[in-house]
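Asks: Please find one structure pasted underneath; my questions will follow.
The values are calculated or read from the model by the stated rules, or taken from the named source; none is laboratory data. These numbers come from a predicted model, not from an experiment. Cβ atoms come from the backbone with ideal geometry, glycine included; neighbour counts cover every protein chain shown.
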Amino acid sequence: MDALGSISLHGLVASAPATVRELRTFISARGHGIGDKVDTGGKPKSKPPCNVAAIDASDLETWMLVEWASYAGVEVRGAGRFWRVGGRVAGLVSDDVTPVQVVADRLLHAMSQPDWVEPEGMHEALNDCRVRHIEQWPSLMDVLMDVRC
């Protein structure tokens, strides 16, 4: 990885479960969110009791990993319980990141095969998503470094 420019695809996938786990620790922590004020139309304006931005980030990291793994031909069925909207994975149903770990492991296995062909746009999309989240929650950089990308 060079600064916050480009993280290796292997690093992005390998660190996805820990990244989602870390993001989920921010859900109940106020003060980490950006733009999570809710306008219910009433007065006064209220803030949700949790960090909506962290929920959204966790769900986005999960969705991106699963969508790209599926697009790359990796079987994602049977990985565990995901929150689905219209039949498509939209996040986790709980704080258990096991389904993310299973998909990441399957994708890493596929990537290690000699016939692996990275789908066009995969690395860039996953990298851009992660960089945005690291900029918002700098401690995610520690998660990335712990995986030794």
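Asks: Restricting to the range 55-97, give me the number of residues that are of a type in the set (Ser, Thr, Tyr) and either in contact (Cβ under 8 Å) with a residue 24 or more places away in the chain or crowded, with 19+ Cβ neighbours inside 10 Å (or both). It would help to see each step written out before you state the result.
Replies: First, the residues of the range 55-97 that are of a type in the set (Ser, Thr, Tyr): 58, 62, 70-71, 94.
Of the ones still in play, those that are also either in contact (Cβ under 8 Å) with a residue 24 or more places away in the chain or crowded, with 19+ Cβ neighbours inside 10 Å (or both) are 58, 62, 71.
Looking only at that region, the number is 3.
Asks: Let me ask another. Residue check, residue 130 against (1) closer than 16 Å to residue 66 by Cα; (2) in a loop (DSSP other than H, G, I, E, B); (3) charged (D, E, K, R), all met but one. Which one?
Replies: With respect to (1) closer than 16 Å to residue 66 by Cα; (2) in a loop (DSSP other than H, G, I, E, B); (3) charged (D, E, K, R), residue 130 is out only on (2).
Asks: I've got another one for you. Just to be sure I understand, how many residues within the range 94-126 are in a helix (DSSP H, G or I) and among the polar types (S, T, N, Q)? Talk me through it step by step, then tell me what you get.
Replies: To start, the set of residues in the range 94-126 that are in a helix (DSSP H, G or I) comprises 98-111, 122-126.
The next check asks that each one be among the polar types (S, T, N, Q); those that pass are 98, 101.
Qualifying residue count for the region: 2.
Asks: Now for a different question. Looking at the range 50-69, can you tell me whether even one residue there is farther than 25 Å from residue 135 by Cβ and in contact with a Pro (Cβ under 8 Å, 6 or more places away or on another chain)?
Replies: Of all residues in the range 50-69, those farther than 25 Å from residue 135 by Cβ come to none.
No - not one qualifying residue is present in the range 50-69.
Asks: Between a residue in the range 98-124 that is under 13 Å from residue 9 (Cα atoms) and any residue that is in a loop (DSSP other than H, G, I, E, B) and β-branched (Val, Ile, Thr), which pairs come within a Cβ distance under 7 Å, given they are 6 or more apart or on different chains?
Replies: Going by the 7 Å Cβ cut-off, the qualifying pairs are 107/74; 110/74.
Asks: Run down 147, 100, 76 and say which single residue is at pLDDT 95 or above and in contact with a helix residue (DSSP H, G or I) (Cβ under 6 Å, 6 or more places away or on another chain). Give the derivation first.
Replies: Working: 147 fails: at pLDDT 95 or above; 76 fails: at pLDDT 95 or above.
Going through 147, 100, 76 in turn, just one is at pLDDT 95 or above and in contact with a helix residue (DSSP H, G or I) (Cβ under 6 Å, 6 or more places away or on another chain): 100.
Asks: Is it the case that some residue within the range 74-93 is in a strand (DSSP E or B) and aromatic (Phe, Trp, Tyr)? Quick ask: steps written out before the conclusion?
Replies: Within the range 74-93, the subset in a strand (DSSP E or B) is 82-85, 88-92.
From the residues that got through so far, the ones that are aromatic (Phe, Trp, Tyr) too are 82-83.
Yes: the range 74-93 contains one or more residues that are in a strand (DSSP E or B) and aromatic (Phe, Trp, Tyr).
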